[in-house]
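J.: Next up is a structure, given as structure tokens.
The values are calculated or read from the model by the stated rules, or taken from the named source; none is laboratory data. A quick note: this is a predicted structure, and the numbers were derived from the prediction, not measured. Positions of Cβ are backbone-derived with ideal geometry, glycine not excepted, and every protein chain shown enters the neighbour counts. Note: accessible area is taken over every heavy atom of the protein model, side chains too, but ligands, DNA and RNA are not part of it. Shrake-Rupley method; radii C 1.70, N 1.55, O 1.52, S 1.80 Å.
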Amino acid sequence: ATGFALTAYPIGVEHGWIGRGAALTRTLATLRFLWNAPQGDAAEGVSGHRGFFYHFLDMTRGHRFGRSELSSVDTALLMGGVLFAARYFDRNTAAEREVRDLADRLYARIDWRWMQARAPLVCMGWHPERGFIPSDWKGYNEAMLIYVLGLGAPDPARRLSADAWDAWCATYPHSWRGSD
């Protein structure tokens, strides 16, 4: 939901539903929170691990809610919004430069390769109590964003392995892939 909010603010600006300054203030508050939120492999008191975020965060502290999973797809959806905001807020002001800087740092922090528990596919998530979820992203679905962001990650050591895209596409029904 947070990633979608980060895309909704600029849409609101463009339609005149919210001022650019108000949208910028909300965006900066969100990105600052995400950047400063605690990361680590503990079961409590953290918001994420290795740059990924938990599926649900407690509304009071912003830490992991219950026993929710560290989610590859929710992190990708979040980063979609983060990167959209970075491209929208393109003015040469301190606040808009900070949006771009925080967005770049948040994206670079994600260790996409770590989420390849059964490489070259990407795992759906991870729990500190029991490790990786026993399911990977396969077939044509929302995981396309995971693979695109993971393959394009700025840090080569954290990028998805080069064979990830072909492995993901190989799980489509043959009729979807077209002729060879």
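Here is a yes/no grid of residues against (1) at pLDDT 95 or above; (2) under 19 Å from GLU142 (Cβ atoms); (3) of a type in the set (Ser, Thr, Tyr):
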residue	(1), (2), (3)
GLY12	yes, no, no
LEU34	yes, no, no
SER68	yes, yes, yes
LEU78	yes, yes, no
LEU83	yes, yes, no
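J.: Tell me which residues, restricted to segment 36-80, are outside any loop (DSSP other than H, G, I, E, B) and either of a type in the set (Val, Ile, Thr) or open to solvent by 30 Å² or more (accessible area, probe 1.4 Å) (or both).
T.: Those that are outside any loop (DSSP other than H, G, I, E, B) and either of a type in the set (Val, Ile, Thr) or open to solvent by 30 Å² or more (accessible area, probe 1.4 Å) (or both): ASN36, GLN39, LEU57, VAL73, ASP74, THR75, LEU77.
J.: Could you please give the count of residues in segment 153-170 that are crowded, with 16+ Cβ neighbours inside 10 Å, touching a residue at least 40 places away in the same chain (Cβ under 8 Å) and among the hydrophobic types (A, V, I, L, M, F, W, C)?
T.: Total satisfying the criteria: 5.
J.: Could I ask something else about it? From GLU69, GLU96, grab the single residue that is more than 9 Å from the chain's Cα centre (by Cα) and more than 25 Å from GLU44 (Cβ to Cβ).
T.: Result: GLU96 is the single residue among GLU69, GLU96 that is more than 9 Å from the chain's Cα centre (by Cα) and more than 25 Å from GLU44 (Cβ to Cβ).
J.: Separate question: Which ones in segment 102-119 are of a type outside the set (A, V, I, L, M) and either crowded, with 17+ Cβ neighbours inside 10 Å or outside any loop (DSSP other than H, G, I, E, B) (or both)?
T.: Answer for segment 102-119, where residues must be of a type outside the set (A, V, I, L, M) and either crowded, with 17+ Cβ neighbours inside 10 Å or outside any loop (DSSP other than H, G, I, E, B) (or both): ASP104, ARG105, TYR107, ARG109, ASP111, TRP112, ARG113, TRP114, GLN116.
J.: Name every residue in segment 153-180 that is of a type outside the set (Asp, Glu), at pLDDT below 95 and in a loop (DSSP other than H, G, I, E, B), in order of residue number.
T.: Answer for segment 153-180, where residues must be of a type outside the set (Asp, Glu), at pLDDT below 95 and in a loop (DSSP other than H, G, I, E, B): SER161, ALA162, ALA170, THR171, TYR172, PRO173, GLY178, SER179.
J.: May I ask you to list pairs of residues, at least six apart or on different chains, whose Cβ atoms are under 6 Å apart, with the first in segment 7-23 being assigned to a helix (DSSP H, G or I) and the second being polar (S, T, N, Q) and surrounded by 13 or more Cβ atoms within 10 Å (Cβ to Cβ)?
T.: Going by the 6 Å Cβ cut-off, the qualifying pairs are TYR9/THR27.
J.: Can you name the number of the only condition in (1) more than 27 Å from THR27 (Cβ to Cβ); (2) within 19 Å of the chain's Cα centre (by Cα); (3) β-branched (Val, Ile, Thr) that ILE110 fails?
T.: All conditions are met except number (1).
J.: Could you list, in sequence order, all residues of segment 125-152 that are open to solvent by 40 Å² or more (accessible area, probe 1.4 Å) and outside any loop (DSSP other than H, G, I, E, B)?
T.: Across segment 125-152, the qualifying residues are PHE132, MET144, LEU145, VAL148, LEU151.
J.: If the requirement is being open to solvent by less than 10 Å² (accessible area, probe 1.4 Å) and over 16 Å from ALA164 (Cα atoms), which of these qualifies: VAL99, VAL122?
T.: One residue alone meets the criteria, VAL99.
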